Structure formats: C-alpha cells, structure tokens
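A.B. asks: Take this structure, written in structure tokens, and hold onto it; I'll ask about it next.
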C-alpha cells in the first residue's frame, strides 16, 4: 500500500513539474525578456545593422533611407532610454536639414525588433522613398518594438524577391540578427499560437502605457521641428496587437489635445469673441492607420463616440477640418485571425460581469434636433468585445469597392504608388493597385455607404456613420490575410487612404507661412501630398 502511494506521489510530482515547465515555457518562452536587442552603433564594440538601434541605407533608386528602433518592456517602459534620446536627436537633425517624412510603426503578435517585420517595414520605407524621390523628402522610419512574441521568431531568408534579401542589398548587410531567431520547425506552431492570450493581455493592459504615447508625440513634434517645419509629414501605423497597443495608449493621450480644440472653438464663438483665443491645440501626426486590428471592438466604439463628438464640435464651429478622420482602421474580410480566432479566443467574454450591459442608445439611429439619440432594442456590450473593429457590423462605416474608372497610363507599382499620393486627382476617394500574379491592375473607391445590405434595427440606421474614426472593410484582393500587410497592393492602398485623409484637410493659409523659408518647401510637398497645415488636426 505504501509502495503504491509512493509511486502515485512520484507520478503526481512529475506531472506537476511537467505542467509547471510547460507554463514557464509558454509564460517566458525563449525570446529575451527585459533586455534590449538593439544597441548603440557608436558603442565600444562595432555593430552591424543587425543589432544597431539606427540603420541607414540607399534604395535601389539611389534615395537615402533610415530607421530608428525604440524598444519597450512588458510593462510598457523604455528598455533603453538612450534609444529614445537618439531617435529624438536624429529627428531634430533631419528636420533642420530639410523636408522630412516620418513613418512610425508598431508591430503586432509574433514579432519583435528582430523579426521579419523589420526587413518588411524597411522595404516599405524604400518603396515610399523611391515613389516620392522627385519631391526631395527624406524618409525616416521608427520601429517601435515590444515583446509581441514570447518565442524567438522564424525568418525566411531564402525568398529571391523577399524583403530580407532586398534589405541586405539596400542596407549593405542584414538588418536582423540570427542570434535572436529560431530555425523552422512545426514544434513551435502550437505553443506560439497558445501565446495569444498572453500577448493580447500585454498589449491591452501592460505595454500600452505612457511611454508609447510619449514617444510618438515626441517624435512627431521633433519631426515638425516643434512647429518650425509644420509641413513635414508624420504617419503612424499599427498592426494586429500593435494596433490594439496604439489605440489604448494614443486614444487616451489624444483626448486632452482634442478637447482643448473644443475649448478654443467656444472661445472663438460670436458670443465670446471679446476673449482673446488661445493658440489652437493640435495633434502632431498627420495620419494614424490601424491595419487588421486585433483590438476588442469596445475600444474602437468608445473612441468612435468621442471622435463623433469632436466632429460635431468642429462642424458647429464651421471648421473645414470637421470631416478629417483622426483614426483610420482598415481590416480585410479575409483576415481569419481577427475574424475567427479572436471570437473563439474570447468566447467566454459574455460571462464577464464587466460586459453585462446592453446598449439601448448610440448604436442605431441618427441624432435628433434636441441632440439626443433615439432608444432602440438592447445590444449586448459583449458583442463589442468578442469582435474586432473591422469585423463588427455595428461599427464599420467605410468600404473599399471596385471602381469603374480608367487606369493611369503607367500601372507599374512605383507609378501607381505615386499616383495614389497625387493631390491633382479629381476624386479624392479613388486609388489604384498595380498588377500582381494573382490580380490585374484595378481601380478602387472608398465609400461610406454599405455596398451590401445596410445593417438596421427596427428601421433605424446605424449611428455615427460620419464619425472621425473611419472603420474600413476591404477585400482579399487588397490584403490577403492577417499578416499580408506589406504586400504590393496593401502598400498601394495605404497611399490611397493617406491621400483620402490629406485631401480633406485644410490648406495652408498664405498668411501662416512657417519660418526660415519653410513655406516654399511645404508648397512643393503639397504637389503630391495634398495641401495641409501639417499639424494633423
């Protein structure tokens, strides 16, 4: 009897150790935790591009490109504050030297500052720099890295036309280091996908903190020379859980600047014109794009409601920027990760005590003359948690559809990318995609009317369809799946969305010329990027 008890005890201990080991494996993984993977290129030991926090190269068209890396730990704090200071200093230098276009990117799940998103993002920078070569813009990227993968990522270095080999050529060496990567093996498929809940929780509640918002606002302000070069451009892109991270951190950080605009508008109303208005508060970035967002739609709903109030406030003040979106979120109907896996991964959400409410206003119905919304049948709040914005039928307010329009004479990828940025086109919602092995060149249009059967409830249309939070649905011809965000057609679509936003923005006033001759530079940039005051709102 005692012998059997001893064996049972040993077996139980082995099982507990195995479970504990599996837990530690999934919890901590094999990727670095709490340590940077990018270092000072001017340090005591010489570094190549693969480990440096700043890299620079030359595109195939002979245009200089560069990228800074800033990394954050599991609690959202800077892993090495020197990365932040170096990035800010370089932006100040670039802004003083001439016209600047900055693209800030926050990666998603299964990525970090040494994953395949690094060469892919830098290829996008190269494409951007090549397309706008004649505009004299310096293109600089900022890669915001966080622990999106608890395991060392796998990177395919063999694709002949792949991003890895392109960056090796353009940066004269690899931009990622094999020391931080794993070999290809089916063993990792299950544990890596089981890290979904860990990485979602990190992006939703931990990493999305003050330092992320601080970094983006700082870099955008530095790129615009703190008001000295307002015509310089700043775009911010987030993918998957990176989109969740940006929405959580920037959504709250933007609130103060936007509500101060309401204050300023009120001070400038006819009844209060005797009160000297304060300088207008503005956001420093021009374009905030979320791609295949893996955020629970509840956060988009909350931000959409706020940005609808912003739109109404600007509209009441006859502000020409009233219809300029603050956030654009685009999701492919072919994104199974956010369309299928997210609902499965959060199927218990309806049982949460914090999601028991039912919305009876604000989902359906247009605002009445007394500024109230009609009451409707209750919509479970949990529906906004188990879905992502691009798959939530109550939130989608824009669609990308095929357009019956002639194609430009040159449908090569670089020519199409540039055409999509041009401000001379009559239809601000029209853009093109070049030919790919899967699809012919095509024309597309951004519309705000459901091309299918509009969602209604008891005859009421969806509410807040004009909100300055655009939630856009596109087809698989543009984005084939969850990770197909740096494909040729996807990048061409981003250019079209950028132009759609910029074309709605108020032009620079002749009496508001930036100092130090920047007005002439800004006007030249406006040829292809749309006239703008460059302040973002």
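A.B. asks: What number of residues within segment 40-86 satisfy the criterion of being without any contact (Cβ under 8 Å) to a residue 24 or more places away in the chain and surrounded by 15 or more Cβ atoms within 10 Å (Cβ to Cβ)?
C.D. replies: So the count comes out to 3.
A.B. asks: Another question about this same structure. Counting just the residues of segment 308-335 that are under 19 Å from the mean Cα position of the chain (by Cα) and not in a loop (DSSP other than H, G, I, E, B), which one comes out nearest to residue 250 (Cα to Cα)? Show your work before the answer.
C.D. replies: Going residue by residue through segment 308-335, those that are under 19 Å from the mean Cα position of the chain (by Cα) are 324-335.
Restricting the remaining residues to those that are not in a loop (DSSP other than H, G, I, E, B) gives 327-332.
Working: 327: 10, 328: 13, 329: 14, 330: 17, 331: 19, 332: 23 Å.
Per the criteria, the residue is 327.
A.B. asks: Shifting gears a bit: Run down 32, 16, 22, 47 and say which single residue is modelled with pLDDT under 70 and within 26 Å of residue 150 (Cβ to Cβ).
C.D. replies: Working: 32 fails: modelled with pLDDT under 70; 16 fails: modelled with pLDDT under 70; 47 fails: modelled with pLDDT under 70.
Being modelled with pLDDT under 70 and within 26 Å of residue 150 (Cβ to Cβ) holds for just one of 32, 16, 22, 47, which is 22.
A.B. asks: Which condition number does residue 459 fail, the rest of (1) closer than 27 Å to residue 286 by Cα; (2) at pLDDT below 95 being met?
C.D. replies: (1) is the only condition that residue 459 fails.
A.B. asks: Hey, does segment 338-347 have a residue that's assigned to a loop (DSSP other than H, G, I, E, B), touching a residue at least 24 places away in the same chain (Cβ under 8 Å) and farther than 26 Å from residue 258 by Cβ? Steps first, please.
C.D. replies: Restricting attention to segment 338-347, the residues satisfying the condition of being assigned to a loop (DSSP other than H, G, I, E, B) are 346-347.
Within this subset, residues satisfying the condition of being touching a residue at least 24 places away in the same chain (Cβ under 8 Å) are 346-347.
When the remaining residues are screened for being farther than 26 Å from residue 258 by Cβ, the result is 346-347.
Yes, segment 338-347 has at least one match.
A.B. asks: Is segment 217-232 home to any residue that is touching a strand residue (DSSP E or B) at 6+ places or on another chain (Cβ under 9 Å), part of a strand (DSSP E or B) and at pLDDT 90 or above?
C.D. replies: No: zero hits.
A.B. asks: Could you check residue 476 against (1) within 30 Å of residue 107 (Cβ to Cβ); (2) surrounded by fewer than 16 Cβ atoms within 10 Å (Cβ to Cβ); (3) modelled with pLDDT under 95 and say which number it fails?
C.D. replies: Residue 476 satisfies every listed condition except (3).
A.B. asks: Further, regarding this structure: Against the condition assigned to a helix (DSSP H, G or I), farther than 27 Å from residue 85 by Cβ, touching a helix residue (DSSP H, G or I) at 6+ places or on another chain (Cβ under 9 Å) and modelled with pLDDT of 90 or more, how does residue 204 come out, does it pass?
C.D. replies: Working: assigned to a helix (DSSP H, G or I): yes; farther than 27 Å from residue 85 by Cβ: yes; touching a helix residue (DSSP H, G or I) at 6+ places or on another chain (Cβ under 9 Å): yes; modelled with pLDDT of 90 or more: yes.
It is true that residue 204 is assigned to a helix (DSSP H, G or I), farther than 27 Å from residue 85 by Cβ, touching a helix residue (DSSP H, G or I) at 6+ places or on another chain (Cβ under 9 Å) and modelled with pLDDT of 90 or more.
A.B. asks: Something else about it: Given the criterion closer than 21 Å to residue 295 by Cα and touching a residue at least 12 places away in the same chain (Cβ under 8 Å), identify the matching residue among 99, 122, 112. First the steps, then the outcome.
C.D. replies: On the way: 99 fails: closer than 21 Å to residue 295 by Cα; 122 fails: closer than 21 Å to residue 295 by Cα.
One residue alone meets the criteria, 112.
A.B. asks: Which of the residues belonging to segment 190-201 are under 26 Å from the mean Cα position of the chain (by Cα) and either surrounded by fewer than 19 Cβ atoms within 10 Å (Cβ to Cβ) or part of a loop (DSSP other than H, G, I, E, B) (or both)?
C.D. replies: First, the residues of segment 190-201 that are under 26 Å from the mean Cα position of the chain (by Cα): 192-201.
Hits for segment 190-201 are 193, 194, 195, 197, 198, 201.
A.B. asks: Identify, please: which residue in segment 153-167 is in contact (Cβ under 8 Å) with a residue 40 or more places away in the chain and not in a loop (DSSP other than H, G, I, E, B) and is, among those, surrounded by the most Cβ atoms within 10 Å (Cβ to Cβ)?
C.D. replies: 167
A.B. asks: Hey, could you check segment 295-330 for residues that are within 14 Å of residue 464 (Cα to Cα) and in contact with a strand residue (DSSP E or B) (Cβ under 7 Å, 6 or more places away or on another chain) and say which is surrounded by the most Cβ atoms within 10 Å (Cβ to Cβ)?
C.D. replies: 300
A.B. asks: Just to be sure, is residue 350 farther than 30 Å from residue 106 by Cβ and either assigned to a loop (DSSP other than H, G, I, E, B) or out of contact with any strand residue (DSSP E or B) (no Cβ under 6 Å at 6 or more places or on another chain) (or both)? It would help to see each step written out before you state the result.
C.D. replies: Values: farther than 30 Å from residue 106 by Cβ: no; either assigned to a loop (DSSP other than H, G, I, E, B) or out of contact with any strand residue (DSSP E or B) (no Cβ under 6 Å at 6 or more places or on another chain) (or both): yes.
For residue 350, the condition - farther than 30 Å from residue 106 by Cβ and either assigned to a loop (DSSP other than H, G, I, E, B) or out of contact with any strand residue (DSSP E or B) (no Cβ under 6 Å at 6 or more places or on another chain) (or both) - is not met.
The values are calculated or read from the model by the stated rules, or taken from the named source; none is laboratory data. Quantities reported herein were computed from a predicted structural model and do not represent experimental measurements. Cβ sites come from the backbone with ideal geometry, for glycine too, and all protein chains shown count toward neighbours.
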